[in-house]
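What follows is a short report on a single structure.
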Number of protein chains: 2
Amino acid sequence: MRLLLIEDDQSLADGITTALRHAGYAVDHAELGVRGVALAQAARPDLVILDLGLPDIDGVEVLKQLRRRQFKSPVLILTARDDLASKIAGLDAGADDYLTKPFAVDELLARLRALERRVGGITTAELRIGDVVINTASHEVTCGGKAVKLSRREFALLRALAERPGLIQSREQLEEKLYSWGEEVSSNTVDVHIHNLRKKLYPELIRNIRGVGYKLENGQ
Amino acid sequence: MRLLLIEDDQSLADGITTALRHAGYAVDHAELGVRGVALAQAARPDLVILDLGLPDIDGVEVLKQLRRRQFKSPVLILTARDDLASKIAGLDAGADDYLTKPFAVDELLARLRALERRVGGITTAELRIGDVVINTASHEVTCGGKAVKLSRREFALLRALAERPGLIQSREQLEEKLYSWGEEVSSNTVDVHIHNLRKKLYPELIRNIRGVGYKLENGQ
DNA sequence: AGCCACTCTTAAGTTTGCCTTAATTCCCGC
DNA sequence: GCGGGAATTAAGGCAAACTTAAGAGTGGCT
């Protein structure tokens, strides 16, 4: 799951970024509105967090530009506690949710999950593939009822596959979902994580199509 | 993946077309707006690349006509660098992305992939020829309900044929669709794959026209 | 701050399965 | 029947995928 954060306050941005990365998101970060618009088009994030109080362009204007360019991913806006006017303007311009500063990171994470679900058309926080159950909120995974402990990357990978069961995704596509800009890997990392997932769950769960990519069996 | 290019500049169109073919797309090409609208309805492409500067109808008008006729596939528009007005008009008329000329082919390919991804779940990724069903997303093929395991090249070949049922395609044309630049083969590879496909599916599916090429029977 | 545990990335070695090649046979049209 | 395109077959080579292990990096705990 790829996410774009448009936020000028460096320390706040750092905090959010690390928290989100820990939660398994690939996070891109822009400090200015113009850069945010560019990044949104280049990186095609699944979610955007947009601070309305940017130093260059007004945040609402950034949002309008995005929507005008057919950018469809949900946008969550961050506003100051008392800035009701721009909050409303933001929602009118196509924001999907808002959060007033200051906020708890857990709250942010919860809202993001809700947004993901809303656009994915999914109603529960659980993904099921065969007898593997993935809880996207608690990051818990069970296989045949037994809890399985997955690391961050393993979880992100499994989830990326589970969101589109049956669909084949290439290594490159999967890497895009796991890694932010400047985090790119240059090895067979995906292979290794796939291997570890197969070991922790069961080998037949993830199938490889030689020369094409990986997919999850379309769970019965 | 089937694609329609509406572009009047012959040399540009040729360049784009070959690049796209090598990237695995089945490309139809129209030089005029009217013809583009007709082809879009006849060929049902999964993606459209539309140059806004056409000699007959205005490109934006083409797009409006398409959308008015319930044409749902994503459309990427090509504009001159400075023609901001028609770019915006294009987006408002239902374009999904744009690219300003001149552009690098890689950029175009990247955008197309992004568009595919965006609509990935929406477009039905199934081709049917008689009782052979080809799922391009999961690379699964069934023949009379039974799953058949195809290798990458076999799948690509079957897909190339199935995208144009009834049309005779020469070995050279098929090779072009299977191999990218610098991968050319110098033997009867296509023959062999055809043979294996016939064995795995059924012999009558693929017909040879002596001296011309191969075709799929126009599914009953 | 320092230590410990855990995870991630890299890279090398191994396995696997597919693709190409090419030789041979088949068959269609002349 | 003859020529040439098409079908068939089998094997070797090769690249993709798998496996393993080690070292770097990270975070957590005391």
## Note on the structure
Filter region B:130-165 for residues that are away from chain A (no Cβ under 13 Å) and basic (K, R); the one that is farthest from A:L216 (Cα to Cα) is B:R164
### Task
Using the structure shown, decide if A:L76 is away from chain B (no Cβ under 14 Å) and either charged (D, E, K, R) or farther than 19 Å from A:I194 by Cβ (or both).
yes
### Message
Among the residues of region A:182-210, what is the count of those that are near DNA strand C (Cβ under 9 Å from one of its atoms) and either at pLDDT below 90 or more than 13 Å from chain B (Cβ to nearest Cβ) (or both)?
### Response
13
### Enumeration of residues in region A:1-35 that are more than 16 Å from the chain's Cα centre (by Cα), in a helix (DSSP H, G or I) and surrounded by fewer than 19 Cβ atoms within 10 Å (Cβ to Cβ)
A:Q10, A:S11, A:L12, A:D14, A:G15, A:V34, A:R35
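Working only within region B:86-102, note down all residues that are outside any loop (DSSP other than H, G, I, E, B) and more than 13 Å from chain A (Cβ to nearest Cβ).
Restricting attention to region B:86-102, the residues satisfying the condition of being outside any loop (DSSP other than H, G, I, E, B) are B:86-92, B:97-101.
Selection gives B:S86, B:K101.
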### Top-ranked residue of region A:38-91 - restricted to ones that are surrounded by fewer than 16 Cβ atoms within 10 Å (Cβ to Cβ) and among the basic types (K, R), ranked as farthest from A:Y179 (Cα to Cα)
A:R81
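Would it be correct to say that A:D106 is assigned by TED's automatic domain parsing to the domain that holds A:G36, within 16 Å of DNA strand D (Cβ to nearest atom) and more than 16 Å from A:M1 (Cα to Cα)? Full working, then the answer.
Working: assigned by TED's automatic domain parsing to the domain that holds A:G36: yes; within 16 Å of DNA strand D (Cβ to nearest atom): yes; more than 16 Å from A:M1 (Cα to Cα): yes.
In short, yes.
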## Note on the structure
From the option list B:A80, B:A38, single residue qualifying as small (G, A, S) and under 20 Å from the mean Cα position of the chain (by Cα) is B:A38
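Does A:F71 meet the test of being outside any helix (DSSP H, G or I), among the hydrophobic types (A, V, I, L, M, F, W, C), within 14 Å of chain B (Cβ to nearest Cβ) and on the phi < 0 side of the Ramachandran plot? Walk me through how you get there before you give the answer.
Details: outside any helix (DSSP H, G or I): yes; among the hydrophobic types (A, V, I, L, M, F, W, C): yes; within 14 Å of chain B (Cβ to nearest Cβ): yes; on the phi < 0 side of the Ramachandran plot: yes.
When the stated conditions are applied, A:F71 passes them.
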### Task
From A:G90, A:G53, A:G94, A:G59, grab the single residue that is at positive phi and not hydroxyl-bearing (S, T, Y).
A:G94
### Summary
Quick count over region A:132-187, residues being within 16 Å of DNA strand D (Cβ to nearest atom), among the charged types (D, E, K, R) and farther than 27 Å from A:R210 by Cβ, is 3
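The values are calculated or read from the model by the stated rules, or taken from the named source; none is laboratory data. Source: prediction; values computed, not measured. A quick note on method: Cβ atoms are made from the backbone with ideal geometry, for glycine too, and the neighbour counts reach across all protein chains shown.
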